[in-house]
Number of protein chains: 2
Amino acid sequence: MINKLTANIKKTEAPVVVGLDPMLGYLPDFVQKKAYEELGETLEGAAEAIWQFNKAIVDATYDLIPAVKPQIAMYEQFGIPGLLAYKKTVDYCKQKGLVVFADIKRGDIGSTSAAYAAGHLGKVRIGNSICAPFDADFATVNPYLGSDGVKPFIDVCKEEKKGIFVLVKTSNPSSCEFQDRISDGRPLYEWVGESVAKWAEDCMGDEYSYVGAVVGATYPEQGKILRRIMPKCYILVPGYGAQGGTGKDLAHFFNEDGLGAIVNSSRGIIAAYKQEKYAKFGAENFADASRQAVIDMVEDIRGAM
Amino acid sequence: MINKLTANIKKTEAPVVVGLDPMLGYLPDFVQKKAYEELGETLEGAAEAIWQFNKAIVDATYDLIPAVKPQIAMYEQFGIPGLLAYKKTVDYCKQKGLVVFADIKRGDIGSTSAAYAAGHLGKVRIGNSICAPFDADFATVNPYLGSDGVKPFIDVCKEEKKGIFVLVKTSNPSSCEFQDRISDGRPLYEWVGESVAKWAEDCMGDEYSYVGAVVGATYPEQGKILRRIMPKCYILVPGYGAQGGTGKDLAHFFNEDGLGAIVNSSRGIIAAYKQEKYAKFGAENFADASRQAVIDMVEDIRGAM
C-alpha cells in the first residue's frame, strides 16, 4: 500500500490528502434538509447527510488527489449510523482508487491494539470464516503506551500490506505540554521519532517505509529535525490551512526526491464554499468549491517545494 | 456519576470493576456455536456470541460489583455488528444499575476530542433534536496531545455529570519507553499526573473528582507516588490478575478512607472457567465461575487494604 501511495502521489503530482471530517456545521443546509426529510433529525439522518456530503466531495476531487483521511470521530459521534457512514465512505474512496488513511488515533496494550489493528486494517477469524471489518489502508496510532501498543499494528501491516502513521508531534497548541518535555537533552517527540525510525527500518516498501509519522505543519522547525530523524518515513502533515500552517512551512517536511510527506487539509477543502475566496461557487456548488480549493492547495505546496 | 460510583463501591464494599473484553477465545464453544447457527460465522454471529456471553456474566455478577469496563476494541474489531453489541452491553449494564466505564482511550485535537466526548458520554444536536449516541458514564482518555485533547471531554463531563480516567502510567511492560522518560528530574507520568490533579481540582463531586487516572497494578511503587500527586482522583487500576498484579500490590493505590481506587480484572473474571481453580464449574457454567472469581478477587483486595 505504501507503494500505491507513492505511485498515486507521483501520478497526481499532489502530495496532499483531503480530510473527510464532516462536522454538521460544514454541510450546506440543503444537504442536511434533504437527509432529515428522508430519515428525520436522527442519527440516521445525520449519517445520511454526511455520507451524501462526502460522496459529492470525493466525486469532485478524486482525480486530483492520491488519498483521503476520514477522521472517525466525526462519524463515531453519530453512533452506529455514523459508523455505517464511515464504512461506506472508506469503501467508496477505495473504489475510486484513493488510498484511505483511517484517522483513528488508537493505541492500547498488546492484545487490545491487535484487536484495533485487525478491525481497522486487517481481518478477524470467526469460526472458519475470515472477515475484513473496516479495511482501511493506513491508520493513525497513538504511541503513549510504547512499542507494545504499536507493534500489533505493524504485525497486521506486514501481513496485509497496509501502513500506519504514529503520532510524533501533533499540530495543536497544547502538543507542547508533554511532547516537548526535555529528556536526556532532547524533547520527547524526538525520542518518539527515533522509535518510529527504528520500527520503520524493518518495514520497507520500494522507496519508503509503511511505518510513517504525524508531524503538524504548525511546527516547521520541529518538522525539519524529525525529517532527518526519520528519513524513510512518510510524514503525514496536518495543520495546513485552517490551523495556520502555510505552504512555505512545508518545504522541510519533504525529502530531496520531492516525496516523503503528505499534507492534510480538512476544513480548508471540504468547507471551502464557506470561505470568501470561494463564495462565488455558492453553497449549492460546494463540491466545485472543494475542487478549486484542492487545485489551489496543490499549487501552494508545489510552489514551496 | 462520580457520586454514584462512590455510592456503588460503598454499597458493594467492592472497589472492583469487571472488564468486559470478550475476545472470542474466551467464549465457551457452545456460546459461539449457538450464535453461528443462528447468524452464520459472520460479524453478526460473532457480535451475537459476545453479547450473549456478556449478558450471562453481567446477570451473574451485577449485585456484587459497582461498575463494568467494556473495552471497545474487542467490539470494534467486529465492525458495525460488534459496535452494536457494545451499545447493547452499555445499555444493559446501566439498566442493571452498574456504572459503565467506556474503555476507549480516545484523544485528539480540540474539535475532534469534542466529537468523541459527545458521542461516548454526551449528546449531539441534529437539527432541532438531541441524541445520546453511546451514553456511557466514564471514558478513558489518552493525554499525548495535551490539554487540548482532554478539556473537551471535561466540558462534556461537567455538562452531563459524567467522568473520565486519563492514562497516566499504563500497566503494560513497554509503558516505560515514553512514560518513564525523565524530564526536570521526574518521569513523564508524574508530569501527566500533575496535570490530571490540576484538571481534577476543578471537577469535584462530593468526595472525589470526576477526573480520574489510569495507573497499572503492575507498577505499585509508581502508584504510591501518583496516589499522593492526585489525592482527589479515582485511580482506575488495570493489570490485576492475568497481567501479574496481586492484591498486596494494590494497598497504596487507595486513600486512607478506603476509597480512591477501583481495580479492574478482565480475563481473570470473564474467562475464569478456563482456570484450573474454577475448572469444577465447567464451561457450561462459565458465568458461575465468573461470580466466584469476583468473590475471590474482592476478598483478595479487602485483605490488602
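The values are calculated or read from the model by the stated rules, or taken from the named source; none is laboratory data. These numbers were taken from a predicted model, which means no experiment stands behind them. Don't worry about glycine lacking a Cβ; one is built from the backbone with ideal geometry, like all the others, and counts go over all protein chains shown.
Just a few scattered comments:
- Considering region B:133-150, and only residues there that are hydrophobic (A, V, I, L, M, F, W, C) and not in a helix (DSSP H, G or I), the residue that is farthest from A:Ile109 (Cα to Cα) turns out to be B:Phe134.
- Residue in region A:151-158 that is within 18 Å of B:Ser171 (Cα to Cα), part of a strand (DSSP E or B) and not aliphatic (A, V, I, L, M) present: no
- In region B:133-147, the qualifying residues are those that are among the hydrophobic types (A, V, I, L, M, F, W, C) and under 13 Å from B:Ala102 (Cβ atoms), and the one that is farthest from the other protein chains (Cβ to nearest Cβ) is B:Phe138.
- Residues in region A:68-85 that are aliphatic (A, V, I, L, M) and more than 7 Å from chain B (Cβ to nearest Cβ) were compared, and the one that is surrounded by the fewest Cβ atoms within 10 Å (Cβ to Cβ) is A:Ala85.
- If you go through region A:148-167 and keep only what is of a type outside the set (Gly, Ala, Ser), at the interface with chain B (Cβ under 10 Å from one of its Cβ atoms) and either in contact (Cβ under 8 Å) with a residue 40 or more places away in the chain or more than 28 Å from A:Gly122 (Cβ to Cβ) (or both), you end up with A:Val150, A:Lys151, A:Leu167.
- When region A:108-132 is limited to residues that are β-branched (Val, Ile, Thr) and assigned to a strand (DSSP E or B), the one that is farthest from the other protein chains (Cβ to nearest Cβ) turns out to be A:Ile130.
- Flag for B:Ala47 being touching a Pro at 6+ places or on another chain (Cβ under 8 Å), among the small types (Gly, Ala, Ser) and within 12 Å of another protein chain (Cβ to nearest Cβ): yes
- The set of residues in region A:208-226 that are buried (at least 24 other Cβ atoms within 10 Å of the Cβ) and in contact with an Asp or Glu (Cβ under 6 Å, 6 or more places away or on another chain) contains only A:Ala217.
- Restricting region B:168-209 to residues that are small (Gly, Ala, Ser) and in contact (Cβ under 8 Å) with a residue 24 or more places away in the chain, the residue that is nearest to A:Gly149 (Cα to Cα): B:Ser175
- Unique match (being on the phi > 0 side of the Ramachandran plot, surrounded by fewer than 21 Cβ atoms within 10 Å (Cβ to Cβ) and out of contact with any Leu (no Cβ under 7 Å at 6 or more places or on another chain)) among A:Gly205, A:Gly146, A:Gly110, A:Gly127: A:Gly127
- Here is the figure for region B:233-274: residues that are touching a helix residue (DSSP H, G or I) at 6+ places or on another chain (Cβ under 9 Å), within 22 Å of B:Glu201 (Cβ to Cβ) and of a type in the set (A, V, I, L, M, F, W, C) total 8.
- Top-ranked residue of region A:32-44 - restricted to ones that are part of a helix (DSSP H, G or I) and either within 11 Å of chain B (Cβ to nearest Cβ) or in contact (Cβ under 8 Å) with a residue 40 or more places away in the chain (or both), ranked as surrounded by the fewest Cβ atoms within 10 Å (Cβ to Cβ): A:Glu37
- Some residue of region B:86-96 being within 9 Å of chain A (Cβ to nearest Cβ) and surrounded by fewer than 20 Cβ atoms within 10 Å (Cβ to Cβ): yes
- Residue list for region A:189-243, restricted to those being closer than 17 Å to A:Ala67 by Cα and aliphatic (A, V, I, L, M): A:Val211, A:Ala213, A:Val214, A:Ile235, A:Leu236, A:Val237
- Residues satisfying the stated conditions in region B:252-289, i.e. part of a helix (DSSP H, G or I) and in contact with a strand residue (DSSP E or B) (Cβ under 8 Å, 6 or more places away or on another chain): B:Phe253, B:Arg267, B:Gly268, B:Ile269, B:Ile270
- Per the conditions (1) away from chain A (no Cβ under 14 Å); (2) crowded, with 24+ Cβ neighbours inside 10 Å, the sole criterion not satisfied by B:Thr6 is (2).
- Annotation: of all residues in region B:177-194 being out of contact with any strand residue (DSSP E or B) (no Cβ under 7 Å at 6 or more places or on another chain) and within 7 Å of chain A (Cβ to nearest Cβ), the one that is surrounded by the most Cβ atoms within 10 Å (Cβ to Cβ) is B:Phe178.
- Condition met for A:Phe286 (touching a residue at least 12 places away in the same chain (Cβ under 8 Å) and either under 29 Å from A:Gly205 (Cα atoms) or of a type in the set (S, T, N, Q) (or both)): no
- Any hit, region A:229-239, residues being over 19 Å from the mean Cα position of the chain (by Cα), modelled with pLDDT of 95 or more and either assigned to a helix (DSSP H, G or I) or farther than 16 Å from A:Glu190 by Cα (or both): yes
- Residue that is at pLDDT below 95, farther than 15 Å from A:Ile9 by Cα and not hydroxyl-bearing (Ser, Thr, Tyr), where the choices are A:Ala242, A:Ala293: A:Ala242
- Output for region A:89-113, where each listed residue is out of contact with any helix residue (DSSP H, G or I) (no Cβ under 6 Å at 6 or more places or on another chain) and of a type in the set (S, T, N, Q): A:Gln95, A:Ser111
- Residue within region B:52-61 that is within 14 Å of another protein chain (Cβ to nearest Cβ), surrounded by fewer than 24 Cβ atoms within 10 Å (Cβ to Cβ) and more than 23 Å from B:Pro238 (Cβ to Cβ) present: no
- Cross-chain or 6+ apart pairs with Cβ under 7 Å, region A:227-241 first and within 12 Å of A:Thr170 (Cα to Cα), then among the β-branched types (Val, Ile, Thr) and surrounded by fewer than 24 Cβ atoms within 10 Å (Cβ to Cβ): A:Gly239/A:Thr218
- Top-ranked residue of region B:130-143 - restricted to ones that are crowded, with 22+ Cβ neighbours inside 10 Å and among the β-branched types (Val, Ile, Thr), ranked as farthest from B:Asn264 (Cα to Cα): B:Val141
- Note on region A:222-255: residues that are hydroxyl-bearing (Ser, Thr, Tyr) and over 24 Å from A:Ala7 (Cα atoms) amount to 1.
- Region B:9-31 - residue that is touching a strand residue (DSSP E or B) at 6+ places or on another chain (Cβ under 8 Å) and under 30 Å from B:Cys157 (Cα atoms) and, of those, nearest to the other protein chains (Cβ to nearest Cβ): B:Asp21
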